[in-house]
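The values are calculated or read from the model by the stated rules, or taken from the named source; none is laboratory data. Here the structure is a predicted model, which is why all the values come from computation and not from measurement. Neighbour counts run over all protein chains shown; Cβ positions are idealised from the backbone, glycine included. Surface accessibility is based on the protein's heavy atoms, side chains included, excluding ligands, DNA and RNA. Shrake-Rupley method; radii C 1.70, N 1.55, O 1.52, S 1.80 Å.
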Amino acid sequence: MGFAIAIDGPAAAGKGTISKAVAAHFGFAHLDTGLLYRAVGAKVLAGADAIEAAQNLAADDLNDDSLRTGDVAQAASRVAVIAEVRAALVDFQRAFARRSGGAVLDGRDIGTVICPDAEAKLFVTASAEVRAERRFLELQARGADVTREAVLADVKERDARDMERAEAPLKPAQDAVLIDTSNMAIDDAVQAAIAAITAGRES
Ligand code: DC
């Protein structure tokens, strides 16, 4: 049996960076599960049916830079409320979590629904204002024409939809270690995550 690490949290809290660094540190494979929902959302924006798109998703669909845009993120959050879409993506995520070499999965429901028996669980969060500022700077650096206000409104809208949905809402697992990155440099957040997982492995 492998070692599964579940890393959940809202958008732009730092979980992507932390997950990649944790996977590299332990030599585990990494799956950004948001990409699955983004790939389905992108297909819906292109006219596909959400449930059919989720049931027929292929590995190649995940390797697409256009999945990183704000429109696709919102579309992903909208398809993620559909129970049949979530159900179609469960087996792939669970199989990934149990690969023999160890795995890190980041998302919204990994510690609560996909992998409640994960050996380590983190919930990475930060205030909406801090997350929006990070996302704004990232989008600006990519040359996007956005305002701080619009990005904050977007973050809050997606938070509300992800937390209030009936199916697998965003929330920390009871046994998750909470890491609030609002006042932390990303390197410190990575070190805190590795320390929490290492402590759990040794106890
Ligand atoms: O992590 P992200 O921003 O790429 O995720 C995009 C959307 O996908 C997010 O707003 C909600 C959905 N999502 C989900 O419902 N469950 C997951 N495990 C991962 C993402």
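Worth pointing out:
- Each residue of the stretch 7-19 was assigned a 3J(HN,Hα) from its phi angle through the Karplus curve 6.51 cos²θ - 1.76 cosθ + 1.60 (θ = phi - 60°); the sequence is 10, 10, x, x, 4, 6, 7, x, 5, x, 5, 5, 4 Hz, with glycine and proline shown as x.
- Between residue 157 and residue 90, the contour length at 0.36 nm per residue exceeds the Cα-Cα span by 21.6 nm.
- For the chain, the solvent-accessible area works out to 49 Å² per residue, with a probe of 1.4 Å and every protein chain left in place.
- Exposure check, 1.4 Å probe, all protein chains in place: residue 203 carries approximately 120 Å² of accessible surface.
- Cβ-Cβ FRET estimate between residue 175 and residue 138, R0 fixed at 41 Å, reported to 0.05: 0.85
- Couplings 3J(HN,Hα) of the stretch 83-97, computed from phi: 4, 5, 5, 4, 4, 5, 9, 5, 4, 4, 5, 5, 5, 4, 4 Hz, in residue order, whole Hz [Karplus 6.51 cos²θ - 1.76 cosθ + 1.60, θ = phi - 60°; x for Gly and Pro].
- A cut-off of 5 Å between modelled amide H atoms, ignoring neighbours fewer than 5 places along the same chain, links residue 122 with 6, 7, 8, 177.
- Against the criterion of solvent-accessible heavy-atom surface with a 1.4 angstrom probe, 124, 130, 177 sort, most first, into 177, 130, 124.
- Per the Kirkwood formula applied to alpha carbons, the stretch 102-203 shows a radius of gyration over Rh ratio, Rg over Rh, of 1.01.
- Using a probe radius of 1.4 angstrom, the carbon and sulfur fraction of the accessible surface of the stretch 124-203 is 52%.
- The distance linking the stretch 24-44 with the stretch 144-203 is 16 Å (Cα centroid to Cα centroid, whole angstrom).
- Placed amide H near residue 180: partners under 5 Å, 5+ positions off or other chain: 125
- Directionally averaged projected area (convex hull, Cα atoms, the chain), nm²: 11.0 nm²
- Divide the volume of the convex hull around the Cα atoms of the stretch 90-156 by the residue count and you get 127 Å³ per residue.
- Along the axis of the charge dipole computed for the stretch 1-84 (Cβ charges of +1 for Lys and Arg, -1 for Asp and Glu, origin at the Cα centre), the listed residues 16, 59, 31 are led at the positive end by 16.
- Using only side-chain charges placed at the Cβ, +1 for Lys and Arg and -1 for Asp and Glu, the dipole size of the chain relative to its Cα centre rounds to 160 debye.
- Atom-type composition of the exposed protein surface of the stretch 30-101 places 49 percent of the accessible area on carbon and sulfur (1.4 angstrom probe).
- The accessible-area ordering, largest first, of the residues 20, 171 stands as 20, 171, per a 1.4 angstrom probe.
- A 1.4 Å probe over all protein chains sorts 33, 125, 147 by accessible area into 147, 125, 33, starting with the largest.
- The string of couplings for the stretch 164-170 from the Karplus curve (6.51, -1.76, 1.60, θ = phi - 60°) is 9, 5, 6, 8, 6, x, 5 Hz, one whole number per residue in order, with x for Gly and Pro.
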